[in-house]
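No value in this document is a laboratory result; all are computed from the given coordinates. Please read all numbers here as calculations on a predicted model, not as lab measurements. Please note: Cβ atoms are built from the backbone with ideal geometry, for glycine as well, and neighbour counts cover all protein chains shown.
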Amino acid sequence: MKTKDFALQVKDLSDDGTFEGYGSIFGNVDSYGEKVMPGAFVESLARHKREGSNVLMLWNHDIYQPIGVWEDLAEDAKGLWGKGRFLLDIQRAREVHTLAKNKAIGGLSIGYKEEEADQEQAVRLLKKLSLYEISPVTFPANRRARIEAVKSERIDEFARRLRDGDPMPVKDFEDILREAGVPKAMAVQIASVGYAKAIRSESEGSKAKEPAAFLQALLRG
């Protein structure tokens with residue numbers, strides 16, 4: 001079984017341990033030079049449903065430490081959506097829940113078997129995967145493998161620096177766009193033209209808010 005870190009963008013992490021959001025976001029080239037393609041999980045999820053088996057929720061891929069259940073998993077055009085629940089009667093689950101709520105951890109990682117892949121120049125395209133488990137992990141390798149709160153902190157810092165008259169460099173804004181899934185060429189264009197113009201504007205009080213508003217809308221979409 002292989003493992004791969006990926007981004008679960010959690011909308012809510014409630015006191016009863018439930019959460020939902022997107023797991024794998026399609027089109028992101030990870031630190032291994034691999035990209036999960038749309039449709040990669042469809043057959044595996046259908047097989048689990050047909051056979052009555054479950055995608056497990058483990059702690060750090062440890063088969064001896066199940067900490068919750070995935071109540072629903074499905075693919076859409078954006079990626080792998082999931083609804084999960086930490087089983088808070090389990091001590092380790094309570095600990096992980098507390099760590100996640102306090103942003104002490106935020107990464108998730110899938111355990112899978114590769115069924116079909118292709119190569120596109122330097123990028124390996126993962127086209128079909130058998131999904132076995134999804135684990136909260138301590139050290140995610142993929143820079144996008146973080147709970148949504150981490151991404152929100154970056155946006156908050158971006159907006160705060162605009163308000164304080166100390167906008168982030170153009171390259172940093174480009175990086176935020178690329179982390180949000182914007183293609184490289186488009187991110188460069190937006191950052192070097194629109195954002196650069198906005199932060200140079202004399203009427204900073206109104207125009208400086210435009211990049212922040214754009215970014216918030218982009219990440220919600």
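Structural remarks
- Ordering of 112-122, 50-60, 93-103 by burial proxy (mean other Cβ atoms within 10 Å per residue, highest first): 93-103, 50-60, 112-122
- Relative packing of peptides 71-82, 18-29 - highest average C-beta neighbours within 10 Å first: 18-29, 71-82
- For region 58-75, the Karplus equation 6.51 cos²θ - 1.76 cosθ + 1.60, evaluated at θ = phi - 60°, returns couplings of 10, 9, 6, 6, 7, 5, 8, 10, x, 10, x, 9, 9, 7, 7, 9, 7, 8 Hz by residue, with Gly and Pro reported as x.
- Amide proton proximity set for GLU116, modelled H, under 5 Å, gap of 5+: LYS127, LYS128
- Estimated dipole of region 38-122 in Debye, rounded to 20 [Cβ of Lys and Arg +1, of Asp and Glu -1, Cα centre]: 580
- Checking the Cα-Cα distances for LYS128/LYS184; LYS4/LYS171; LYS101/LYS128; LYS2/LYS127; LYS83/LYS127; LYS4/LYS35 against a 21 Å cut-off, the pairs over it are LYS128/LYS184; LYS4/LYS171; LYS101/LYS128; LYS83/LYS127.
- Distance between the modelled labels on SER14 and LYS197, one decimal in nanometres: 4.5 nm (7 Å Cα→Cβ projection).
- Taking label positions 7 Å along the Cα-Cβ direction at both ARG50 and MET186, the computed distance is 3.5 nm, reported to one decimal.
- Amide hydrogen neighbours beyond the local backbone of GLU34, cut-off 5 Å, H modeled: ARG124
- Phi angles across region 90-95 convert, under the Karplus curve 6.51 cos²θ - 1.76 cosθ + 1.60 with θ = phi - 60°, into 3J(HN,Hα) values of 8, 4, 4, 5, 4, 5 Hz, Gly and Pro given as x.
- Dipole magnitude of region 4-84 about its Cα centre (Cβ charges: Lys, Arg +1; Asp, Glu -1), debye to nearest 20: 280
- Label-to-label distance, nm, for residues given as LYS101 and VAL69 (7 Å Cα→Cβ offset): 2.1
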